[in-house]
Amino acid sequence: MQLMLYVLDLHLWRGFENICCLETLLGKQTRSKVALSNVPLKPGRSLMDWIRLTKSGKDLTGLKGRLIEVTEDELSKHNKKEDCWICIRGFVYNVTPYMEYHPGGEDELMKAAGTDGTDLFDQVHRWVNYESMLKECLVGRMAVKPIAAPKVLAEISSTVSEDKKQLNGVLPEKKVLASSSKDLSPSYDWFQTDSLIKIVIYTKQKDMNAELVIVDCQDKQLRGEIIMDDHSYLVEVDLDHAVSEDVAVNIAEKVGKVEIILNKKDNIHWKMLGQPREGHNTFIKRTDRGLFFRKCKLVSKTEVTHDTKLFCLMLPKGTHLCVPTGQHVYLKQIIAGTEVVKPYTPVLPFLPLDFQEPPRHDSVHMYLMIKIYSHGLFTQALDYLQIGDYISVSNPEGNFKKSQVQTSEDLLLLAGGTGFTPMVKLLNFALTEVSCLRTVKLIFFNKTEDDILWRSQLEQLALKDERFEVQFILSQPSKDWVGKQGKISSCLLSEFVKRSRRDSKVLICICGPAPFTEQGVQYLKDLGYSQEEIHAFTA
């Protein structure tokens, strides 16, 4: 049976690329969404070793194959390293045998020992296929506490007919919402002409924009997702009839109305929009929404440095997707029978030097700056792709908000290596659209001069815009290097990270390898900057 699993752990993101063989690769995977340190695994404790153990037939639950219903009281008793149960989304797992195989270390697992670890899991491992990884450790379901239905809901429920009623042309889900929740939730309707189908989503949110709307329409399947802070609203149906590949999206920002316009293939009257899919008409937390992928075509690869290339991907015709500044996507590839997922931050095709007006969003192409590691299985697989080949790309993820920049006077960017990628769109946005900024400064850490990404463009930009300054710092400079050298330190940061004036509002963004980010954040706090003034890109 083909093993289908996501990258085991976000903790080892950086170590993932420096591997020589698949077995080691699968034991050290990917980096964390929060700054967490790697813990060296003992010999014989790689992911492949774990897989062998799960297939050995050994009883990993201690229940001899039985599944039980677990109460909160029972779960809380199993809170030790030698006896550790954890609940994730209503299912309880005995992770005791997995302790030594966990790349993040035993202490990370122990944070959720004997409790519901769903929130902690979502912060660090949201896209990991834990069901596959821990299926042999499944103890059972959590027991559900009986909850008396409120009288008002009981009365409402009794008035609802048992007959299935069609709402907006599809069968509604069987659920009853309190009036307060219903008032806050988005809703939708649909209309048609002889040639068009128009789906209208009423978000009840005034600051709606194109970056918050994601639409995919392929093979009669329509998926429209609206991002509203940390929640997601989804319209997902199997359309009643075929439509053309072209999809148009109109947004009335002031009233929060979103229109998805489809072109009918045949000029016939639709009796209904279609059949609802599993997630249709739901309004839930983004972390509870599974990742959605679409296949994008590789249209070009351009060399940036000796080991870094700019990949240009073309979105499908039926897709509307604009990745917000500061957010990332996941690429998915099947390598040696294993489904591997890895995050990348889209960049611009080049760094614009003329900031007279905001650039137009290219809703067709996505650009990714990717470092190709000589022993990195994932990036080698990407580099092996030929023009015209396809790769799966997810919806955007991330918690960065542009308002953080729009309320600042000084923007300071600390980048280590390819940690430069989230800074590209951020630089463009700051210098184009944020007039209140006095200074924008990039402190760019690399090993050698050959590793500096877009050096000439950054230097030209510094000459072009008086608000922008760039400082290159090398850890392994040649004897001819006359610039600053060293690694990130409190001393270096104290020299370059400064406010333009004593009371100016500052935002410091940092991205790079996990140790770089962790140390940098701590140095900044030691220098007196608050947590609110620091944003770490760590996905």
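The values are calculated or read from the model by the stated rules, or taken from the named source; none is laboratory data. Keep in mind that this is a model prediction, so the values were computed, not measured. Cβ: placed from backbone, ideal geometry, glycine included. Neighbour counts: every protein chain shown. Heavy atoms of the whole protein, side chains included, go into the accessibility calculation; ligands, DNA and RNA do not. Shrake-Rupley method; radii C 1.70, N 1.55, O 1.52, S 1.80 Å.
Numbers for the structure displayed
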read-out: Qualifying lysines (Cα of each under 16 Å from Cα of residue 55; at least 8 residues distant if same chain); value: 64, 135
read-out: Gain upon complete extension [residue 432, residue 80; 0.36 nm per residue less C-alpha separation]; value: 121.4 nm
read-out: Gain in span if fully extended, residue 69 to residue 304, counting 0.36 nm per residue against the direct Cα distance; value: 79.0 nm
read-out: 5 angstrom amide H check on residue 46, placed H, neighbours 5+ away; value: none
read-out: Straight-distance crosslink candidates among aspartates and glutamates, where the alpha carbon sits under 20 Å from residue 342 and sequence neighbours closer than 8 are dropped; value: 9, 17, 23, 122, 131, 288, 307, 383, 389, 397
read-out: Cβ-derived FRET efficiency at R0 41 Å, residue 496 paired with residue 248, nearest 0.05; value: 0.30
read-out: Potential lengthening between residue 119 and residue 141 on full extension [0.36 nm per residue; Cα-Cα distance subtracted]; value: 6.2 nm
read-out: Residues residue 106 and residue 448, FRET efficiency given R0 of 51 Å [Cβ-Cβ distance, rounded to 0.05]; value: 0.85
read-out: Charge-dipole axis of the stretch 366-481 as Lys and Arg at +1 and Asp and Glu at -1 on Cβ define it, positive-most pick from 429, 387, 471; value: 429
read-out: At R0 = 45 Å, FRET efficiency that the Cβ-Cβ distance of residue 471 and residue 259 yields, to 0.05; value: 0.45
read-out: Cα-projected label distance for residue 387 with residue 480, points at 7 Å along beta-carbon direction, nm; value: 3.3 nm
read-out: Whether the stretch 310-424 is rounded, prolate or oblate, judged on the alpha carbon gyration tensor where a/c under 1.5 counts as rounded; value: prolate
read-out: Cα→Cβ-extended label distance, 7 Å offset, between residue 297 and residue 531, nm; value: 4.8 nm
read-out: Heavy-atom accessible area ranking, 1.4 Å probe, most first, across 320, 102; value: 320, 102
read-out: Inter-probe distance in nm under a simple model that places probes 7 Å from Cα toward Cβ, at residue 275 and residue 489; value: 6.6 nm
